[in-house]
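Pasting in a structure now, in structure tokens, and then I'll have a few things to ask.
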Amino acid sequence: LLLLLGGSGSPGTLPPPRGPRAEEQGAVAEGGPWGKARYEAVKKHLGAVGALSKQYWRYVACKVWQEGCEEKEEKEQEERGSSWGFPLVGQDYLEILSAWYCSFGKCCETGDCRIINNITGLEADLSRQLHGQHLAKEVVVQALQGFLQSPRPQKALVLSFHGWSGTGKNFVARLVASHLFRDGLKSECVRVFISLLHFPHHNYVDSYKAQLQRQLSETLQRCRQALFIFDEAEKLHSSLLDAIRPFMAHHDNKGQGDHQRSIFLFLSNLGGNTINEVALDFWRAGRAREEISMELLEQRLRLELQEAAENSYAHSHLLRENLIDVVVPFLPLEYHHVKLCARDAFLARGLPYTEATLDEVAQMMVFVPKEEKLFSAQGCKSVPQRINYFLP
């Protein structure tokens, strides 16, 4: 906290604080995103604080956590008189201290204080760590930013990720969780469902349905913003959609319903062949993959998915009912993308590498089609395991 306040002196050097003005009293209000100018201004003021006294700490604890405020303040006023002066305290400082406290643990029963919605960080990490997916980077950031900035969205945000295995669908889902919630996938407000793991037996669909609906409801009651991830979505039994659909449906915005701040991510391998055909056509025509437009791919994907048989792709119903907001295509990865994934894997483990080593890793992968050998059949999925061959 001393570092946060910009001071390094010993306690007891500040004059005892005076109670805040009437308009500054009360618990810390919910804070929205801070503008850079506001942050810099507060930082400048905090830099002027030279030390942190015991009286100041008691004052902060009282105002931030509301524990014994009246009794402590009256007692200290009697002991020290009415000469308290603490000119630097205001609502901005209390918000900073509250945020600091929340970074170490829960500061409210619902876990809302651990919602961070760091879209800037998400965009930066996607640009640096997600390779070969210019469409996914742009679409995911725009969709989340628009949804979170809307004061009262009329439905949940539903994104459907499509593409071959290893192209980054799960990776993006994890990044979304870690940048919307301080605890990432471990957050109480994030639930991950894997079809074959959580709903393996069709004979128990009715039981799964009741459990799923209860889990969604409990999460939304606990959290004003929740993230639900459904992996292997193409294997979801159609009956399970009856449990999910009400939480994604449109509603009026007269009140702030529990499900108004819910985000659903569906991850599926379906549509991968259509996406790959488009990417291959562009390559054969001598056009860069970055020229592939969202309009072209989304239109083709929606047509393919809506024609899927009901028993083979249950969440095609969600497309027909316009519950899926954006179909996000993940393009097949090429040789140089695999090398970038290998580089990231070496760096993540603190291992040295050379260009030759990255080439060796990439050459261990299988590439298709048979003639062109352009796309990695597994994307980057097995790259972290492949570098084990190069350990000293």
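Among (1) within 25 Å of Ile263 (Cα to Cα); (2) in a loop (DSSP other than H, G, I, E, B), where does Pro392 come up short?
(1)
Sticking with this structure for a sec: Within the range 199-217, how many residues turn out to be in contact with a Phe, Trp or Tyr (Cβ under 7 Å, 6 or more places away or on another chain) and part of a helix (DSSP H, G or I)?
2
Restricting to the range 186-202, name every residue that is among the hydrophobic types (A, V, I, L, M, F, W, C) and within 16 Å of Leu220 (Cα to Cα).
Residues satisfying the conditions are Cys189, Val190, Val192, Phe193.
Something else: Select, from Leu358, Leu318, Leu301, Leu296, the only residue that is without any contact (Cβ under 8 Å) to a residue 40 or more places away in the chain, under 30 Å from Gln154 (Cα atoms) and surrounded by 12 or more Cβ atoms within 10 Å (Cβ to Cβ).
Step by step, each of Leu358, Leu318, Leu301, Leu296 is checked, and only Leu296 is without any contact (Cβ under 8 Å) to a residue 40 or more places away in the chain, under 30 Å from Gln154 (Cα atoms) and surrounded by 12 or more Cβ atoms within 10 Å (Cβ to Cβ).
Also: When Leu333 is evaluated against the numbered criteria (1) modelled with pLDDT of 90 or more; (2) open to solvent by 10 Å² or more (accessible area, probe 1.4 Å), which criterion, by number, is the only one it fails?
(2)
Same structure, new question: How about the range 364-383: which of its residues are surrounded by fewer than 22 Cβ atoms within 10 Å (Cβ to Cβ) and of a type in the set (Ser, Thr, Tyr)?
Result: Ser382, single match.
Out of the residues in the range 218-235 that are assigned to a helix (DSSP H, G or I) and free of Cβ contacts under 8 Å to residues at least 40 places away in the same chain, state the one that is most open to solvent (accessible area, probe 1.4 Å).
So, considering only residues that are assigned to a helix (DSSP H, G or I) and free of Cβ contacts under 8 Å to residues at least 40 places away in the same chain, the one most open to solvent (accessible area, probe 1.4 Å) is Gln221.
Restricting attention to the range 171-198, which residues are in a helix (DSSP H, G or I), open to solvent by 60 Å² or more (accessible area, probe 1.4 Å) and not hydrophobic (A, V, I, L, M, F, W, C)?
Arg174, Lys186, His198 - these are the residues of the range 171-198 that are in a helix (DSSP H, G or I), open to solvent by 60 Å² or more (accessible area, probe 1.4 Å) and not hydrophobic (A, V, I, L, M, F, W, C).
If you go through the range 267-293 one residue at a time, how many are under 30 Å from Arg191 (Cα atoms), open to solvent by 40 Å² or more (accessible area, probe 1.4 Å) and out of contact with any strand residue (DSSP E or B) (no Cβ under 7 Å at 6 or more places or on another chain)?
Counting residues in the range 267-293 that are under 30 Å from Arg191 (Cα atoms), open to solvent by 40 Å² or more (accessible area, probe 1.4 Å) and out of contact with any strand residue (DSSP E or B) (no Cβ under 7 Å at 6 or more places or on another chain) gives 2.
Please verify whether Ile263 is at pLDDT below 95 and either in contact with a Cys (Cβ under 8 Å, 6 or more places away or on another chain) or of a type in the set (A, V, I, L, M) (or both), treating the condition exactly as stated.
Taking the combined requirement at face value, the residue does not satisfy it.
The values are calculated or read from the model by the stated rules, or taken from the named source; none is laboratory data. Keep in mind it's a predicted model, so treat the numbers as computed, not measured. We place every Cβ from the backbone using ideal geometry, glycine too, and count neighbours over all the protein chains shown. Areas reflect the complete protein model, heavy atoms only, side chains present, ligands, DNA and RNA absent. Shrake-Rupley method; radii C 1.70, N 1.55, O 1.52, S 1.80 Å.
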